[in-house]
Amino acid sequence: EVQLLESGGGWVQPGGSLRLSCTASGFTFSNYAMSWVRQAPGEGLMWVSGITASGASTYYADSVKGRFTMSRDKSKNLMYLQMNSLRGNDTAVYFCAKQRSSGLRGFFDYWGQGIQVTVSP
Amino acid sequence: DIQLTQSPSTLSASVGDRVTITCRASQSISGWLAWYQQKPAKAPRLLIYMASTLHTGVPSRFSGSGSGTEFTLVISSLQPDDFATYFCQEYNTYSVFGQGTKVEIK
């Protein structure tokens, strides 16, 4: 059974940093691209960041480029999102999502339960 | 950038109704479209990919069709468990989601 479990969320002041982690199990982690998708309160879904199966390529939405860094550790089945210079409009539930493909272009066949990130004074 | 527009934004329906949700792309995305269901405080759940392929375990009352710029999600006979918000997603380039369609009880 595929399982994705996010951790590391919480409250942080504007300008602060957080690191989200996603622990994956139930599939061959190194074969699939992974992503972070966020949902602001009462809003829709936004693809934030993605990383290829090999880890060689990453994608970032314009709104987070230069502030967020995504990485993966294939030996530990872990994925990370380092979030720096956080802003109020980064407040959202962040979902870890597995892609069906090895590349960045694809749909999300399994999702974690999501973790809250709140940025406020 | 590709934009996806879903209609309607909200849909009121009764159990047993046939429900149709439309997703329009601002440019052709061939068949690179997925549909998701999301319930409050839950993660999205994949329903359909490649515009019309049902994901594992998804009931057959769900179906998808379309190509190019216009796509539809149909629930043939709405069940109590289907009241939720539905999102389309294009993956022709990078991922963009529609704004969502909330299916509520009439």
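The values are calculated or read from the model by the stated rules, or taken from the named source; none is laboratory data. Source: prediction; values computed, not measured. Cβ coordinates were reconstructed from backbone atoms using ideal geometry, including for glycine residues, and neighbour counts include every protein chain displayed.
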What number of residues within segment B:84-98 are modelled with pLDDT under 95 and aromatic (F, W, Y)?
1
Does segment B:6-36 hold any residues that are among the polar types (S, T, N, Q) and away from chain A (no Cβ under 11 Å), and which are they?
B:S7, B:T10, B:S12, B:S14, B:T20, B:T22, B:S26, B:Q27, B:S28, B:S30
Would you say A:F95 is among the aromatic types (F, W, Y) and within 18 Å of B:F97 (Cβ to Cβ)?
yes
Strands (runs of 3 or more DSSP E) contained entirely in segment B:24-68, each with at least 3 residues that are surrounded by 16 or more Cβ atoms within 10 Å (Cβ to Cβ) and touching a Phe, Trp or Tyr at 6+ places or on another chain (Cβ under 6 Å)
B:33-38, B:45-49
For a quick check of your reading: which strands (runs of 3 or more DSSP E) sit entirely within segment A:6-121 and have at least 2 residues that are hydrophobic (A, V, I, L, M, F, W, C) and within 9 Å of chain B (Cβ to nearest Cβ)?
A:46-51, A:92-99, A:108-111
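Yes/no matrix, rows are residues, columns are (1) surrounded by fewer than 21 Cβ atoms within 10 Å (Cβ to Cβ); (2) within 11 Å of another protein chain (Cβ to nearest Cβ):
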position	(1), (2)
B:P80	yes, no
B:F83	yes, no
B:Y91	no, yes
B:S95	no, yes
B:Q99	yes, yes
Taking B:T101 as meeting all but one of (1) hydroxyl-bearing (S, T, Y); (2) in contact with a Lys or Arg (Cβ under 8 Å, 6 or more places away or on another chain); (3) closer than 27 Å to A:V93 by Cβ; (4) at pLDDT 95 or above, write down the number of the exception.
(2)
Filtering segment B:69-106 down to residues that are of a type in the set (D, E) and outside any strand (DSSP E or B) yields B:D81, B:D82
